[in-house]
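Take a look at the structure below.
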């Protein structure tokens, strides 16, 4: 019997690639949920392609248009909890929603005791303590879809071997500005930041890659997924046990080092179809070789430390992770606001970390034990970030 699949963020990069993976093995997977943001045209094409049972659209002003263009047998879910409601339906839900907006779906899927394929790192980062509680729901599974965390998941080994893990290494392509000095980065344009050398991603994630904030967020995510507080599949590592390593070829996606000095790495060509398929098929694997490396060809594998002075977002993320409680939610919220302002050309690329740092200076240790506390922290950080940006715009 085919496993049912829900795709949240279906018109984005993760969503469209998930559909590709499902098409590669149609006897094993059947899409029953599609959730998109505002792209009605693409969503209609996807509905005609995969014939889901349920759809939802974040832009509710376009729901009537959507209803007029799809078969009446497809149920349109609407309302403030629409995304959370559809996240509870399928056997496995791939959450590819960008940013904090993906949090309700993350919690709903886990609290329903279902499998979550998580590509929405911000929801786990911002609401780590709340998500940890949801992960303890009977039947709930969280399989990471970010290539780095999927790689770590594949390298962990048996429960006995996990107790001997000493370090995690998260690799970074370095983005479009690898090797650039602070002076060379002063006049970066939006087009420059969106010109990623390896990955094809949405604008927000691509800008995060250019600032290395994506790696900082992935460090916090790795700690939530594999560190303390202990879950059954965690290894109890702290932030000082997680390294970021620049690897421009993007062949090694992450590594795990054990107490005896052995390091195990996961290698593949850069494609998100492999970790998406891994989340769908786990504990088995897809029969199709997405991302297979041709080892008959010559390859270089280079590694270097990140330039933390030129890319201060990385250290800001480490600091927020160590603070814990609501600090990661503040960091994620301030970053979303700053990146949006940069994409709108309201601030310069070099001002993104400045905005975040000024917001984080106001953080006073608020807790994140409940969803309400996380939402309040997120809202407060966004207000502060907008205030900082307005001040910068006014004084320019």
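The values are calculated or read from the model by the stated rules, or taken from the named source; none is laboratory data. Here the structure is a predicted model, which is why all the values come from computation and not from measurement. Glycine also receives a Cβ, built like all others from the backbone with ideal geometry; neighbour counts cover every protein chain displayed.
The table that follows gives values for the structure above.
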| quantity | calculated |
| --- | --- |
| Test: residue in the range 322-343 that is surrounded by 19 or more Cβ atoms within 10 Å (Cβ to Cβ), in contact with a strand residue (DSSP E or B) (Cβ under 7 Å, 6 or more places away or on another chain), within 29 Å of residue 254 (Cβ to Cβ) and modelled with pLDDT of 95 or more | no |
| Unmet criterion (only one of (1) under 20 Å from residue 253 (Cβ atoms); (2) assigned to a loop (DSSP other than H, G, I, E, B); (3) touching a residue at least 40 places away in the same chain (Cβ under 8 Å)) for residue 151 | (2) |
| Filtered residues of the range 163-206 (kept if in a strand (DSSP E or B) and either outside the structural domain of residue 261 (by TED's automatic domain parsing) or under 23 Å from residue 302 (Cβ atoms) (or both)) | 167, 168, 169, 170, 171, 172 |
| Where residue 11 falls short, out of the listed (1) more than 17 Å from residue 201 (Cα to Cα); (2) in a loop (DSSP other than H, G, I, E, B); (3) touching a helix residue (DSSP H, G or I) at 6+ places or on another chain (Cβ under 8 Å) | (1) |
| Some residue of the range 177-197 being over 17 Å from the mean Cα position of the chain (by Cα), surrounded by fewer than 16 Cβ atoms within 10 Å (Cβ to Cβ) and under 30 Å from residue 286 (Cα atoms) | yes |
| Residues of the range 359-375 satisfying the condition of being surrounded by fewer than 18 Cβ atoms within 10 Å (Cβ to Cβ) and either touching a strand residue (DSSP E or B) at 6+ places or on another chain (Cβ under 8 Å) or at pLDDT 95 or above (or both) | 361, 362 |
